[in-house]
Amino acid sequence: MQQDSTRRSNRDRTEATRAQLIAAARKLFTEKSYAETGTPEIVTAAGVTRGALYHHFADKQTLFAAVVEREAAAVAEEIERASPPSLDARDALIAGSDAYLAAMRAPGRTRLLLLDGPAVLGRAAMDAIDNRHGSRSLREGLIAAMRSNTMTRLPAEALTALLAAAFDRAALAIEAGGSAEDYRAVLIALIDGLSPTRLQALRPARTR
């Protein structure tokens, strides 16, 4: 019993220290950028030793990756909360889109996920993070829509990648002062434009 209590106490301390480092790093990365933030500032802000930092993370980039992973997971949680299985496929996609745009308005999030993330970690690493979180949610929603015949059947990976890029571009534009209503309207039009009836209407009539 004593050993179990000690293990839990050690685990709690470990998780608390890790959380402190991630929170402190996030604040500094968003206020100053990744490049302008040094590890001495991070450990001071977190209230831990330099040794504690390197016990949990190999280097600043590894800590940054943990910050980005946590931010991506938070966005995915908002999307999934807004689009429960009780919604039909089309409504779930719209609700998820709204949740994504709302979640990306958290201070510093577009910088972390859409600007510094790809620059620091590389496109392949960011794609892997996205595939574990936001892109996964979008892919599942698109597949559900295709299976319910509310969306034309298309290659899921390519469709996910292109729509995700549109969502990311909208988030960046809104962050820069663009109209959230305008970008939302276009995103909804993109989603609705993929319905079988809409695509059929857009196809040119065959000449005899």
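Here is how the numbers come out for the structure above:
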{"quantity": "Within the accessible area of the chain (1.4 Å probe), percent carbon and sulfur", "calculated": "55"}
{"quantity": "Per-peptide average of other Cβ atoms within 10 Å, ordering 117-127, 9-19 highest first", "calculated": "117-127, 9-19"}
{"quantity": "Per residue accessible area of the range 46-170, 1.4 Å probe, in Å²", "calculated": "48"}
{"quantity": "Mean-position separation - Cα centroids, the range 138-200 and the range 3-65, in angstrom", "calculated": "37"}
{"quantity": "Estimated vicinal HN-Hα couplings, Hz - the range 84-91 in sequence order (Karplus 6.51, -1.76, 1.60; Gly, Pro = x)", "calculated": "x, x, 5, 7, 6, 4, 5, 5"}
{"quantity": "Nearest 10 degrees, 0 to 90: helix 2-32 Cα axis against the chain principal axis", "calculated": "70"}
{"quantity": "Folded to 0 to 90 degrees: helix 156-175 orientation relative to the chain principal axis, Cα", "calculated": "70"}
{"quantity": "For the range 93-206: relative contact order, % (alpha-carbon pairs under 8 angstrom, 6 or more apart)", "calculated": "33"}
{"quantity": "Gaussian network model of the chain, Cα within-10 Å springs - most flexible of S83, S195, S97", "calculated": "S195"}
{"quantity": "Between helix 60-82 and the chain: long-axis angle, C-alpha atoms, 0 to 90°, nearest 10", "calculated": "40"}
{"quantity": "Whole-Hz couplings from phi, Karplus 6.51/-1.76/1.60, listed for the range 182-193; x for Gly and Pro", "calculated": "5, 5, 4, 4, 5, 5, 5, 4, 4, 5, 5, x"}
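The values are calculated or read from the model by the stated rules, or taken from the named source; none is laboratory data. Just so you know, these numbers come straight off a predicted model, no measurement behind them. Methodologically, a virtual Cβ is constructed for each residue, glycine included, from the backbone with ideal geometry; neighbour enumeration extends over all protein chains shown. Accessible surface areas use protein heavy atoms only, side chains included; no ligands, DNA or RNA. Shrake-Rupley method; radii C 1.70, N 1.55, O 1.52, S 1.80 Å.
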